[in-house]
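Take a look at the structure set out below.
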Amino acid sequence: MPEPNFEQLQSDLLQAGIAARHVRRTVSELREHLDDLIDADISAGNPPNVARQNAVRRMGDLQEVALAMRACPELRSWSYRYPRIAVLVYPLTCLMLLPAIPVIAGVAHAPQVARWGACVLLGGIVTAAIFLFLQLSITLA
């Protein structure tokens with residue numbers, strides 16, 4: 001029997017609309033279950049490679065788990081259960097968060113923002129001084 005592919009199971013469940021928290025928990029529990037089966041077989045006196053083969057055989061096909069989870073609508077994420085509401089909520093949430101992005105970026109990169117602000121201020125002062133010098137030279141000429 002082939003080795004269980006937990007990454008493929010995770011991908012299949014997420015594509016089927018199962019909520020990510022349920023997928024993470026299921027995959028984690030299946031991995032732990034496989035490890036427990038291997039440990040039990042090793043403690044029974046089997047070598048590790050035989051114990052792994054026995055554990056994989058006893059665990060069975062992961063596609064059966066995927067089919068059982070797909071059959072439970074309560075495991076689906078809310079955006080798959082209510083797609084019309086999700087079409088409204090997701091863009092509105094992004095629109096509300098849009099003004100916060102520069103603030104978050106500014107906090108995350110405070111030294112660069114301070115350096116940039118100081119350069120802009122210095123450039124403004126130099127430009128104002130040049131304009132003042134030009135104005136005075138025109139006026140006094």
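Computed from the coordinates by the stated procedures, all read-outs in this text should not be read as laboratory data. Just so it is clear, the structure is predicted and the values come from calculations on it, not from any experiment. Backbone-built Cβ (ideal geometry, glycine too); neighbour counts: all protein chains shown.
Figures for the structure shown
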item: Integer Hz, Karplus 6.51/-1.76/1.60 couplings in order for segment 125-135, x for Gly and Pro; result: 5, 4, 5, 4, 5, 5, 4, 5, 4, 5, 5
item: Mean Cβ count within 10 Å, highest first, over the residues of peptides 49-55, 111-117; result: 49-55, 111-117
item: Stretchable slack from PHE6 to ARG21, in nm (0.36 nm times residue separation minus alpha-carbon distance); result: 3.9 nm
item: Whole-Hz couplings from phi, Karplus 6.51/-1.76/1.60, listed for segment 109-118; x for Gly and Pro; result: 10, 4, x, 5, 5, 5, 5, 5, x, 5
item: In Å, descending, principal axis extents of the Cα set of the chain; result: 103, 44, 19
item: Residue-wise HN-Hα coupling along segment 37-42, computed from phi with Karplus coefficients 6.51, -1.76, 1.60 (Hz; x: Gly, Pro); result: 5, 5, 4, 5, 5, 5
item: Potential lengthening between LEU121 and HIS109 on full extension [0.36 nm per residue; Cα-Cα distance subtracted]; result: 2.5 nm
item: Interchain or long-range residues, amide H under 5 Å from ARG76's placed H; result: ALA19
